[in-house]
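Scroll down for the structure; my scribbles are underneath it.
Rule-based calculations on the coordinates, nothing more; no lab input. Computed from a predicted structure; not experimentally measured. Every residue, glycine among them, receives a Cβ derived from its backbone with ideal geometry; neighbour counts consider all protein chains shown.
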Amino acid sequence: MPTKAYTECLDAMFGMRRFGIILGLSTITNILAGLGNPQQRFSSIHIAGTNGKGSIASAIATILQQAGYRVGLYTSPHLIRFNERICINGTPITDDAVVAAWEAVKSVHHGNREPTFFEFSTAMAFQAFGQGDVDYAVIETGMGGRMDATNVVKPLVSVITNISLEHKTYLGSTIAAITGEKAGIIKPGIPVVTGVSQTKARAVIEKAASAQSSPLFMKSRDFNVRRTGDNRFSYRGIDHRWTGMRTSLLGGHQVDNASLTLAACELIMRRDNRLSRDHIQSGLIQNRWPGRLEVVSQRPYVILDGAHNLMAARRLSRFLQDNLAGRRITMVAGILDDKPYSAILKDLVAPCARLILTRPKINRSLPPETLETAAKPLISDIQIVADVGDAVRYAIATSKPDDAVCVAGSLYVIGEAKAALEKSGEGLFQI
C-alpha cells in the first residue's frame, strides 16, 4: 500500500501536466545547480530518435549491469507506476526514493517559471542516480533532443535511433527539421551512433557532428548486421566482428536496434576494457522491454505493443502478418489525438478480423467514435468498449484458444491493459 507521502507526491507530479510541454534548458539547469549537479556524478549514454529509444536504452543498461556496474536507466512514459521511469540495476526505485527525490527537487529554486512534469521527473531521476551511486546512467530523451530537459548531460556516447514525422508542433514539419532537433544531443568531441536512413536526415546529422568535431558512426556505413535466423544475427562493427549474436526482443526491427546497441557498446569499450562480448551477448538475451511486442499469454495468444506512431504501427502489422498468419486476430486499439490515427488504423487492422476500439484515461486520447468513423472503410467487425481493461478482458473472453489478441495504439493503452491483466490474473506467463 503506497504511503500518504508517496500518494501526495504523485498527485503533485501529475498536477504539473497542466503546465503542458515547454522545451528549454534554463529551468532544468537551475534545478540541477541547486541540487549540486548530480548528473555530473556518473557516466551517461544519451539516446534520442523516433522509435527504438527505450529498447536500446534498456539493452545498454542491461549489458553494463552484466559487466558488474551499478546502472541507472531513465525512460518514459511509464506503463503502470511512475517508479518505472527511474530504475537502478533493472529495478524501479522505491516509493521512499521517489518521495526523497521529489522533496529534494522541490526544495531548490527553479527560476522564473514552474517546472513541467518532465523537467521535474528528469531532475528527480538525476538526483536518484546521484544519491544511488550509479556508475553509468542510460538516459532517453522525452521529445526531440536539442531543448529536451535531458540534454544537460555530457555523455560518453550519443545515440540517434531513427527519424520519422512526429511532434510537428514542437519539432518542425519536415524530416530535416526534426532531425536537427534530435541532432541537438550531439556534444563537442563526443562520438555519436545513428541508425537514421533518409538521405536528408543523414546529411543533417553529418553536418551537426562535423560542427561539433564529433566522430560519427552510421548504420550501413560504419557498422551493420546480417540476420541469420529468428532474432539471430552477425554483427560487422566498428572495431569487432561478432557472429552468433541473439536478442530476446521480438520483431525484425529489434535486430536493427541491437546493431545500434552494439555500436554504442564498442565505443564504450574503447574507454572501458571491463566490458566484453560475453557481457554484450548476455545483456541482449537478458534484456526485457515491456509493452513492445510483449507476449503475455499463449491460449489465446495475447501480445501487447505500444505501436504509438505510424512507423511502429507498420512494424507491428508486419510482425502480425509474418508470425500469426492463419490465426483470427482481434485488435484492441486506442490512439492519442496528436497521431495520424487514420493511417495508423489502416496498418493496425490490415492483418485483423475484428477491431475493438477503446480509450485510455488521458486527456489527449481520441474518442472511440472518432476512430470508428476512420475504421469503417477498413474493417467490418468493429466494437467499442470504452474502458481499456474491459476491452482487453472482453477480447480475450470472446476469442478461441487458437485465436490471437493484440493490444496497441498507445503506450497509455498498454499500461492500462497490463494493470487490468495483472489485477484479473490474465497474462499468467510471459514469453
Would you work out which of ALA183, ILE60, ILE329 lies farthest towards the positive end of the dipole of the chain? Charges go on Cβ: Lys and Arg +1, Asp and Glu -1. ALA183
Taking 0.36 nm per residue of sequence separation and subtracting the Cα-Cα distance, how much length would be gained by fully extending the chain between LYS4 and ILE362, in nm to one decimal? 126.5 nm
SER158: net charge of surrounding residues, Cβ under 11 Å, Lys/Arg +1, Asp/Glu -1, itself excluded? +3
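Kirkwood Rh over Cα pairs of region 1-155 into Stokes-Einstein at 25 °C, 0.890 mPa s: D in µm²/s?
Details: Rh = 15.4 Å.
Answer, rounded: 159 µm²/s.
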Take every DSSP beta bridge whose two residues both sit in the chain, then give the antiparallel share in percent to the nearest 5. 35
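What trypsin sites (Lys or Arg not before Pro) does region 208-312 have in DSSP loop regions with at most 16 other beta carbons within 10 Å? Don't skip to the end; give the middle numbers.
Working: sites: LYS219, ARG221, ARG226, ARG227, ARG232, ARG236, ARG241, ARG246, ARG270, ARG271, ARG274, ARG277, ARG288, ARG292; in loops: ARG221, ARG270, ARG271, ARG274, ARG288, ARG292.
Qualifying residues, ordered by number: ARG221, ARG270, ARG271, ARG274, ARG288.
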ALA211 versus ILE21, label points 7 Å from Cα toward the beta carbon: distance in nm? 2.2
Once you sort the root eigenvalues of the Cα gyration tensor of region 335-423 as a ≥ b ≥ c, which label holds: rounded (a/c under 1.5), prolate (a/b larger than b/c) or oblate (the other case)? oblate
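Which order results if LEU366, LEU293 are arranged by neighbouring Cβ count within 10 Å, fewest first? It would help to have the intermediate numbers written out before the result.
Details: LEU366 20, LEU293 24.
In increasing order of surrounding Cβ atoms, one gets LEU366, LEU293.
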Electrostatic dipole magnitude of the chain [Cβ: Lys, Arg +1; Asp, Glu -1; Cα centre; debye, to 20]: 1100
CD proxy, 222 nm, the chain: helix-only mean residue ellipticity via -39,500 (n - 2.57) per DSSP H run with n ≥ 4, per residue, nearest 500, stands at -12000 deg cm²/dmol
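Starting from the exponent 0.38 and prefactor 2.2 Å, build the expected Rg for the chain from its residue count and divide its actual Cα Rg by it.
Working: Rg = 21.1 Å, N = 431, 2.2 N^0.38 = 22.1 Å.
In units of the globular-protein estimate, the chain measures up at 0.96.
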Counting all Cα-Cα pairs in region 214-284, those more than 14 Å apart amount in percent to 55
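So for THR7, THR179, fewest C-beta neighbours within 10 Å to most, what's the order?
On the way: THR7 13, THR179 30.
Final ranking by Cβ density, sparse to dense: THR7, THR179.
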